[in-house]
Structures are given as structure tokens and as C-alpha cells.
Amino acid sequence: MRSAIVHHPIDVAALVDEVAASANGATVLFTGTVRDLSEGRAVSGIDYDAYETMAAEELARIVREATERFGTPHVVAEHRVGSLALGEVSVAIAAGHPRRAGAFDAARYVIEEIKLRLPVWKQELFTDGTREWVDARVTP
Amino acid sequence: MRSAIVHHPIDVAALVDEVAASANGATVLFTGTVRDLSEGRAVSGIDYDAYETMAAEELARIVREATERFGTPHVVAEHRVGSLALGEVSVAIAAGHPRRAGAFDAARYVIEEIKLRLPVWKQELFTDGTREWVDARVTP
Amino acid sequence: MTLRVMLFASWADALGARSVEVEVGEGATAGDVLAALAARANGAPLPRPALAINRQLARAGDPVRAADEIAVIPPVAGG
Amino acid sequence: MTLRVMLFASWADALGARSVEVEVGEGATAGDVLAALAARANGAPLPRPALAINRQLARAGDPVRAADEIAVIPPVAGG
């Protein structure tokens, strides 16, 4: 079990290796990447802002919850912050489990809770030169 | 979209790279590995037998079904056959999708259908020197 | 007619071969081939298999022809 | 009392700073701090935020102390 907020590219192969264990029959890796369209507009990159100390604590809580709910210690997650280009990995989660359902469910739980709870914000940079905080789209 | 029955170690990082696309915001990798216990007995390895020509066709059908159901062309799957040691990857599936739900569902669909439909059989080698076909545990 | 039937996993082990020949009448079905194979297994504790004809799972009533690619499919256990 | 409040994302941009000081009375609550911040935003079209006290989301009635670590939490958008 491990988690981190990082400022460097995420080494996803290292995360997969980290959850390997002889008791595991299944491993699931989830990665979120910067994609080229957001609500129909062409995107050139994303800047991630974070309340880093709180985000680190919250991500650790989420990962610990996943290990307890799904009965495996082999869950790791990293969320990157800063400026990311198209195709770069913003978040990666690896889960190892004796059974495939547990591996899928643990990885899915962590990304869903990240979306709901992690104090991280993205500003989309559009190819027309404008930029917009995703949070600001929510009606005040 | 691609699938194969292979006799060599699966390069899982290559599968992840293969489903990368600028439209994808999410990638899921599933790997099945040889684990150390089967129904409480200590396992030292697994030999996989397959009806290779039929398995290759069936795996291609399963992957094509996943691309159609979940609306992404970015699904690849490999199943290894032959003698595998503890911890080695027997099956790997990678799915890329604009949305995380689609990536998870596509990868999950492929492994569930493999378990139901692929003409592949495993013989477990136990640490006590005995071996047993998993199919033979089914009551005749 | 004489059919060559591919064997896998526990069936290949029990019959000591990767394929066997079975003799069935003209107009035989997949069910007839499975019955002939069961007789060949001679009471060995084997899982009940399906039959594949030309790499597709067959139903018991499906006809079998001498030119078909025929295989015994024990309960699958991949992944 | 004077509180230093951390800002992020659209709130940091709109107020032109990573943190601001707000003045609230003794016994102030998280709700009071949010009201003071809304006044500071001066009508800018910002998403309604929550408040974190010592890195935990607070309810409107939770008390705030001068020594607390306080932060504005706009609707999160990570992943």
C-alpha cells in the first residue's frame, strides 16, 4: 500500500511491479491521460493544481480504504500535478489481488474516490490559446 | 484491435503502448498471473494447453465484440500457452477509451469471456510433484 | 466413415495421444462422435466434453462430415 | 481575529494570490470564513467552494481558530 502526489512523470511499469506478489492471480492498472478533446474543444495540455498536503493525506486514506474493502494490501496510486502535455499520465493506480474481481474493484474504487474527494484541480489549455479551470464550470 | 495466442513471455508494457491514442482519457491493463495457491494447495507452475487455431479465432471474436460493445477500437489481448512459472503472466488485456468506465468495462468483458469461451486448459503443477488438469475437476 | 478427432488436456492425457480415429456411420452427428469417444475412454474419469466442428462448438444434432476438422473440447480453463 | 486562507485553482486566479488574510470575529465558523471570502471575491463568477480546516473538509458550523490551517476547496476536478 502506497500513494503519492508527484511532480514528475509517473512510471506505470514500476507501479505494476510494486503490487506483484505470489498470492496474486490478477493485477489491474488504471491510467488517466490527457486527451485531445474536452466537451468538444481541442485541448493542448492540462495544468494540475493541488492542495498537496491534504491531497497526499486523502489519497492515502482512499488507498487504505481500498485495501480494507477488497482485502488486499497490494494497492498503489500516484497523482501527478503541474503542467502535462497531451497523452501524459495524470493518475495511475495498480491493484493486485488473488482474484480478478478484487483487482478490478479495488482499482475502480480508488479512481472513483479520487474524482470525488481529492483536492486537485485541472485547468485545460485549449489549442486556441485560451485556458479554463474545470472547477469554474460548476454554477456558483 | 489485435489478439494473439503466444508461446513467449507477454510484454505488457507494449500492450499498454499499443492502445494509446490521443482521444483516450483512460487505459486499463489486466494481467492474469500464476499464483502460489490453488484451492489451498501449493502450486509451483502451470502448463497451458490450447486448441490454438480455434483459440486464436475465438480470442479475436471476443476482442472484436468488446470494441463494438464499448465503442473503442483500442483493445488488445494476448494469452500465453506452454509452461509458466509462478508470477508469470498468462493473459494480458489492454483497453483504451475516452472515458474510464469504457476502459474498465472493455477489459473486464474480455477476461470474463476468455474464462467462459477460450479453448485453453491449465494443468497445475503442485509442489508435492503431482499435477492435475483443472478441467478434470469438473464432475463428468 | 473414419474421423480424426483432436484431443486436449485431460482427454489427450487419458488417451495417450493428441488425436484419435473414431469410426462412425454415414450421417453421424456430433453426439454420435462424442458417444464413440466416451466408449474409447473406457470409463476413465474424464470431464464431459463438447465437440468442435471446424473450430466452432457443435450441438449434439449437428452433422459431421469426413472433411471436417473435429476436436474434443473439455470444460475450458484459460485465463 | 486574522486568518490566513489558502487559495487554489480558479479562486487563486481570481484573487491573484495563493493565500489571503480575512478578518472574522472570535468564535467564527467555517461559514463565516466562506462569507468573508465571498465578499472578497467581489462578484467574480467563481464556483461555490467548501472550506478545509486542518486538511479536513469542514461543515458550515464548525469553529475556526487562529492557529488552524485553512483552505478554500473549489469543486474538485482531479484524475
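Just so it is clear, none of the values below were taken in a lab; they were calculated from the coordinates. This one's a predicted model, so the numbers in the text were calculated from it and none came from an experiment. In this analysis, Cβ positions are derived from the backbone assuming ideal geometry, glycine residues included, and neighbour counts consider all displayed protein chains.
Details
- Filtered by the rule that a residue be assigned to a strand (DSSP E or B) and over 10 Å from C:Val72 (Cα atoms), region C:1-54 gives C:Thr2, C:Leu3, C:Arg4, C:Val20, C:Glu21, C:Val22, C:Glu23, C:Thr29.
- Output for region D:55-79, where each listed residue is within 11 Å of chain A (Cβ to nearest Cβ), of a type outside the set (Val, Ile, Thr) and either assigned to a loop (DSSP other than H, G, I, E, B) or in contact (Cβ under 8 Å) with a residue 60 or more places away in the chain (or both): D:Arg55, D:Glu69, D:Ala71, D:Pro74, D:Pro75, D:Ala77, D:Gly78, D:Gly79
- Counted residues, region B:124-134 - those being charged (D, E, K, R) and away from chain C (no Cβ under 13 Å): 1
- Here A:Ala23 meets each of (1) away from chain D (no Cβ under 14 Å); (2) touching a helix residue (DSSP H, G or I) at 6+ places or on another chain (Cβ under 9 Å); (3) of a type outside the set (Asp, Glu) with one exception, condition (2).
- Qualifying residue in region A:105-123 (condition: more than 14 Å from chain D (Cβ to nearest Cβ), surrounded by fewer than 15 Cβ atoms within 10 Å (Cβ to Cβ) and within 30 Å of B:Gly45 (Cβ to Cβ)): no
- Flag if B:Gly102 is under 21 Å from A:Val34 (Cβ atoms) and surrounded by 24 or more Cβ atoms within 10 Å (Cβ to Cβ): no
- Test: B:Val43 is away from chain C (no Cβ under 12 Å) and part of a strand (DSSP E or B): yes
- Against the list (1) surrounded by fewer than 23 Cβ atoms within 10 Å (Cβ to Cβ); (2) touching a residue at least 12 places away in the same chain (Cβ under 8 Å), the condition A:Thr53 fails is (2).
- The set of residues in region C:1-37 that are without any contact (Cβ under 8 Å) to a residue 40 or more places away in the chain and among the charged types (D, E, K, R) comprises C:Asp13, C:Arg18, C:Glu21, C:Glu23, C:Glu26, C:Asp32.
- In region D:9-20, the residues that are more than 10 Å from the chain's Cα centre (by Cα) and at negative phi: D:Ser10, D:Ala12, D:Asp13, D:Ala14, D:Leu15, D:Ala17, D:Arg18
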